[in-house]
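Contents: one structure, followed by commentary.
Here, each number is a calculation from the coordinates, and none is a lab measurement. All values reported here derive from a predicted model rather than from experimental measurement. With ideal geometry, Cβ positions are generated from the backbone for all residues, glycine too; neighbour counts draw on all protein chains shown.
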Amino acid sequence: MRKPLTATIIGLALALTACGTNNSSAQSALPSGPIVIGVSQALTGDKSDPGTAINQGYAVWAKQVNDAGGLLGHQVQLKVYDNQSLADTAVSQYERLVTVDKVNLLVGPFSSALTIPTSAVAEKYKMAFVEGAGGAPAVFQRKFKYIFFVQPAVAEKQADPFVNYILSLPADQRPKSAAYPQQDDPFVSATEDGAQARLEAAGIKTAYKQVYPPTQTDFASIAAAVKHSAADIVLGGTIFDDAVAQVQAYSAIHYQPKAIYFTSGPSTTGPFKQALADKVSGIMTGDGWVQSSKEPGNAKFVADYLKLFPNKDNLVPGEAAEGYSVGQVMAAAVKATQSVDNTKIANWLHGHKVSTVQGEIGWDELGRPQGSYLLEQWQNGIVHVVAPKGDPNKDADPVYPKPDW
């Protein structure tokens with residue numbers, strides 16, 4: 001029997017923390033040269049689209065800081081390795097960043113699957129690990145002191161706005177059944193399981209559920225099974241490539257769910273639209289940011305991103321905003337403590353909130369943010385905020401049922 005990926009990742013992380021907590025490599029004094037920030041990122045492999053996007057957010061933030069004179073008078077330098085979307089490689093690279101490259105600060109990779117083991121490296125060396133893409137329960141259950149997740153809320157809450165919307169529908173419009181095809185991934189599992197429990201409690205039956213490996217590329221059989229189940233709605237537990245492949249497979253067999261929600265993929269806006277064209281219409285996701293956000297500094301972030309990374313659709317991926325927000329949080333802590341002392345930085349973050357392009361974010365004692373997500377939907381070629389009703393960024397109403405493929 002294949003060992004679940006999540007269990008493998010957690011086992012690796014526990015082994016790392018058991019090795020000790022020597023902090024001799026932590027760089028607490030301000031350097032004479034640039035402040036070096038290290039990251040192992042998924043620039044190739046199955047997580048490369050969102051991984052590249054979050055790294056672009058880091059790059060935009062670093063350029064803005066350097067153009068404005070630096071951080072505490074020092075230029076910022078990003079030291080980036082490509083982990084190829086592999087956990088073992090990411091762990092080795094963070095070890096190298098701390099012990100060989102002797103970077104001053106660390107920021108996190110894309111995905112909970114990579115954050116769980118790599119955050120154990122940061123904890124071992126007592127280095128603040130500010131990260132924008134690791135919100136699964138397993139990230140926080142080890143009670144680490146140095147990790148801070150920079151999104152509005154944790155994974156268990158990501159689909160709440162979607163579930164709330166579905167349950168708000170009149171009884172004669174509400175779906176009667178749902179399908180849950182999902183990747184074996186810790187963030188995905190937390191999001192999907194939470195949504196499934198709430199929908200089942202409300203009487204929406206589970207017509208289909210299947211967990212597939214991250215290496216899955218052919219979704220024909222899964223799409224056929226979902227169609228055969230006659231599920232009214234689909235909650236796809238996806239990262240990116242699998243979200244694209246699911247849509248293509250459903251479209252090929254003319255399966256038309258009333259609503260489709262993906263945990264990740266739709267917010268990686270440029271590549272998602274490039275891959276699916278008009279088929280993006282009606283697809284929903286949960287996120288903490290939208291390109292049209294009214295948060296302070298967002299307009300400049302969007303403009304600077306499009307200058308550095310122009311694209312024909314003028315779209316900024318949500319993961320780029322997450323990376324940029326990580327930079328904002330790290331900068332706020334460095335300025336407040338007037339240092340790159342990682343213990344001081346972690347202590348300060350535990351007691352303060354920081355304004356980001358995703359809104360104001362604060363953390364509990366385990367590094368978990370305390371806010372909530374937005375429900376977003378692709379309409380007319382762009383992503384709109386469609387819920388909750390009172391959010392200032394809401395700029396459209398949900399389209400339900402969604403348009404046909």
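Data table
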| quantity | calculated |
| --- | --- |
| Förster radius 51 Å - calculated FRET efficiency between S32 and D395, Cβ distance, rounded to 0.05 | 0.60 |
| For the range 272-405, radius of gyration divided by Kirkwood radius, i.e. Rg to Rh on alpha-carbons | 1.03 |
| Fewest-first sequence of F219, F187 by Cβ atoms within 10 Å of each Cβ | F219, F187 |
| Neighbourhood charge, 15 Å Cβ-Cβ cut-off, centred on S292 and excluding it, Lys, Arg +1 and Asp, Glu -1 | -3 |
| Stokes-Einstein D for the range 40-92, Kirkwood Rh over Cα pairs, 37 °C, 0.692 mPa s (µm²/s) | 275 µm²/s |
| Likely footprinting exposure, K294, K63, fewest C-beta neighbours within 10 Å first | K294, K63 |
| Within-9-Å neighbourhood charge of T191 [Cβ basis; K, R +1; D, E -1] | -2 |
| Which listed pairs, of K294/K394; K273/K307; K102/K126, have C-alpha distances above 18 Å, in listed order | K273/K307 |
| Fewest-first ranking of D49, D88, D193, using other Cβ atoms within 10 Å as the exposure measure | D88, D193, D49 |
